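The values are calculated or read from the model by the stated rules, or taken from the named source; none is laboratory data. Here the structure is a predicted model, which is why all the values come from computation and not from measurement. So basically every Cβ, Gly included, is an ideal-geometry build from the backbone, and we count neighbours across all protein chains shown. These accessible areas exclude ligands, DNA and RNA; they are computed on the full protein's heavy atoms, side chains included. Shrake-Rupley method; radii C 1.70, N 1.55, O 1.52, S 1.80 Å.
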Amino acid sequence: MGNKKLAIINGRRVLVDATTRIRQDSDREYNQARNQKQSDYIKFYHSTEWSHTREQVLTRDNGMCQRCGLAATLVDHIIPSEDDWDNRLDQDNLQSLCRDCHYWKTRRETIKRKKGLTRAMTITVLAGYPGSGKSTYVTDHAGPHDLIYDYDRLMAALTGQPMHQGNIDVNDYIQLIYEMLLRKLKAEQTFANVWIVLTYPDDKLDSLLASQDVRHIMLDTSRDECIQRLNHDKRDVVQLLKVLDKIDKLKSESKFDKFKIVSNEKRKNNSNFSFK
Ligand SMILES: [Zn+2]
């Protein structure tokens, strides 16, 4: 072993060969950036805005931990502030937690970060006519690292009822899941694909997920074929015709312009078969 010397690289003390030249400039830049980030942090958590916001969130949550219901002792960023620094005072992203629940949440986040579970994630928004085969299209195309939001399937799962026979009172709960999902997806890179099945385009989704890779598609199933299918499946066609009309109206107002039309071949073959 040759001569060694002690050097500080990226803020860590390490032993290196005595002949190694240390790139002190880049090291200095790194340390400056790190110190700046840390001091922004400390400033923020000591600021009046934060202590006001913190009090408001604790009051809003009745001083209860939003995970376990025990007394809350701190206010947590649902999406960590370091991932979404600009929205660090957004109350929709804040929740009261007790110390234990906060510990476990932070631990999960750290493990996830260390594992480097990141993928080139694509979010596909699939909208259009009821009966056009959206749910089937998604299950035909989804893979093992995907996340699916599908209103009809969630309704069936949450009510234990067959598809399309939900309970309208559960609607609010599905809406809550949808909103939380969008908020979390904003800083997510865990999935290969995220599939969001909607009826109408959603501007809120588009603005919330503006930083993500989002594509919009609709199926080429014709209006007549959809109506035929809805009748065949004994759905409430009178009610659903209003939905079809609204979609046609939105189309005429260019609200579907960014949706790329994709072929629904597989479904078509199946439906031809079942109608023969
Ligand atoms: Zn708790």
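Being in contact with a Leu (Cβ under 7 Å, 6 or more places away or on another chain) and at positive phi is a description that does not apply to G160. What's the number of the only condition in (1) more than 19 Å from the chain's Cα centre (by Cα); (2) at pLDDT 90 or above; (3) of a type in the set (G, A, S) that G166 fails to meet? Unmet for G166, out of (1) more than 19 Å from the chain's Cα centre (by Cα); (2) at pLDDT 90 or above; (3) of a type in the set (G, A, S): (2). Just one of (1) open to solvent by less than 60 Å² (accessible area, probe 1.4 Å); (2) in contact (Cβ under 8 Å) with a residue 40 or more places away in the chain fails for D248. It is (2).
Residues checked against (1) at pLDDT 90 or above; (2) over 25 Å from the mean Cα position of the chain (by Cα):
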{"residue": "G11", "(1), (2)": "no, yes"}
{"residue": "D17", "(1), (2)": "no, yes"}
{"residue": "E29", "(1), (2)": "no, yes"}
{"residue": "W50", "(1), (2)": "yes, yes"}
{"residue": "R67", "(1), (2)": "no, no"}
{"residue": "L74", "(1), (2)": "yes, no"}
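The number of residues in region 46-93 being within 15 Å of the ligand (Cβ to nearest atom), open to solvent by 100 Å² or more (accessible area, probe 1.4 Å) and under 27 Å from T190 (Cβ atoms) comes to 1. Elements of the type strands (runs of 3 or more DSSP E) sitting completely within region 59-141 and holding at least 1 residues that are in the same structural domain as E188 (by TED's automatic domain parsing) and in contact with a Leu (Cβ under 9 Å, 6 or more places away or on another chain): these cover 122-126. Scan R99, R108, R153 and give me the residue that is under 19 Å from the mean Cα position of the chain (by Cα) and within 16 Å of the ligand (Cβ to nearest atom). Among R99, R108, R153, only R108 is under 19 Å from the mean Cα position of the chain (by Cα) and within 16 Å of the ligand (Cβ to nearest atom).
Please find, within region 136-165, the residue that is nearest to E188 (Cα to Cα) out of those that are open to solvent by less than 20 Å² (accessible area, probe 1.4 Å) and in contact (Cβ under 8 Å) with a residue 24 or more places away in the chain. Checked region 136-165; the qualifying residue nearest to E188 (Cα to Cα) is Y149.
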